[in-house]
Structure formats: structure tokens, C-alpha cells
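Accompanying notes for the structure given below.
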Amino acid sequence: MKKAIEANRNKAVYEVVWPRGPSAVKIIPLAKRLDTLRGKTIGEIWNGVFRGDELFPALEEELQKRYPGVKFVNYKEFGNAFTAHEAKVFAELPALAEKYGCAAFIVGVGA
């Protein structure tokens with residue numbers, strides 16, 4: 001046993017550290033999910049990239065088949081959310097969501 005202790009004295013000792021720094025973002029709980037889209041109004045937000053003008057109508061068609069009474073507010077009503085005016089668009093979003101009665105949003109971000 002004494003030899004094992006003496007052998008360990010000559011070995012390097014390393015401190016273990018977490019490879020990432022501390023988080024700078026406070027984690028908050030996610031918003032409660034809707035129980036259904038039936039009869040709800042859904043807003044659309046798009047960044048103007050990757051065929052949203054084709055994808056949003058296809059999404060609307062499929063969601064209307066599955067959820068009777070679902071309505072949509074076109075992305076044009078909210079403006080391009082990913083430009084130099086992004087902060088303004090998102091700052092105005094709560095008021096526009098209330099104006100149009102949006103219960104949720106589909107956010108389309110191009111590749």
C-alpha cells in the first residue's frame with residue numbers, strides 16, 4: 001500500500017472543468033400550448049426567404065382540413081420580420097396579434 005501512495009505522488013493531478021462557460025441567458029418556461037387550432041386565428045411571420053409564398057398557402061390548406069374554423073392572418077400584415085426593421089416588427093407584434101385576434105403564430109424562416 002505504501003508503494004502505491006508513493007507512486008501516486010509523482011503523477012500529475014488535473015482539475016476537471018466544464019467545457020462551456022456559464023449561461024448568460026435566463027431560461028424561462030415555454031408558453032402553454034393550445035389544446036386545439038379549431039376555430040383559432042393563426043398569424044404568419046416570414047423572413048422573405050425560401051418559398052414562404054408557396055409554403056404558407058399549403059400549410060393553410062392542410063390545417064383547414066384538420067381544424068375546422070381555423071383562420072389565418074397573412075405574413076404581409078406583420079411585415080418582414082428579419083430585416084433591418086426586425087426590432088420594430090417584433091415590438092409591434094403583441095399589438096398586431098391582439099388587433100387580429102391571433103392565438104398563435106407560424107414562423108417561417110428560410111434556409
Next item on the list: Could you tell me whether the stretch 45-55 includes any residue that is in contact with a helix residue (DSSP H, G or I) (Cβ under 9 Å, 6 or more places away or on another chain) and at pLDDT 95 or above?
Entry: no
Next item on the list: Would you mind finding the one in Ile42, Ile28 that is within 18 Å of the chain's Cα centre (by Cα) and either part of a loop (DSSP other than H, G, I, E, B) or at pLDDT below 80 (or both)?
Entry: Ile28
Notebook entry, point to check: Can you tell me how many residues in the stretch 69-106 are loosely packed, with under 13 Cβ neighbours inside 10 Å and part of a strand (DSSP E or B)?
Noted result: 0
Check: Looking at (1) part of a helix (DSSP H, G or I); (2) modelled with pLDDT under 95, which is the only condition Arg33 fails?
Finding: (1)
Notebook entry, point to check: Of the residues that sit in the stretch 90-111 and are free of Cβ contacts under 8 Å to residues at least 40 places away in the same chain and farther than 21 Å from Leu37 by Cβ, which one is farthest from the chain's Cα centre (by Cα)?
Noted result: Ala95
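The values are calculated or read from the model by the stated rules, or taken from the named source; none is laboratory data. Quick caveat, the model's predicted, so the values are computed rather than measured. We place every Cβ from the backbone using ideal geometry, glycine too, and count neighbours over all the protein chains shown.
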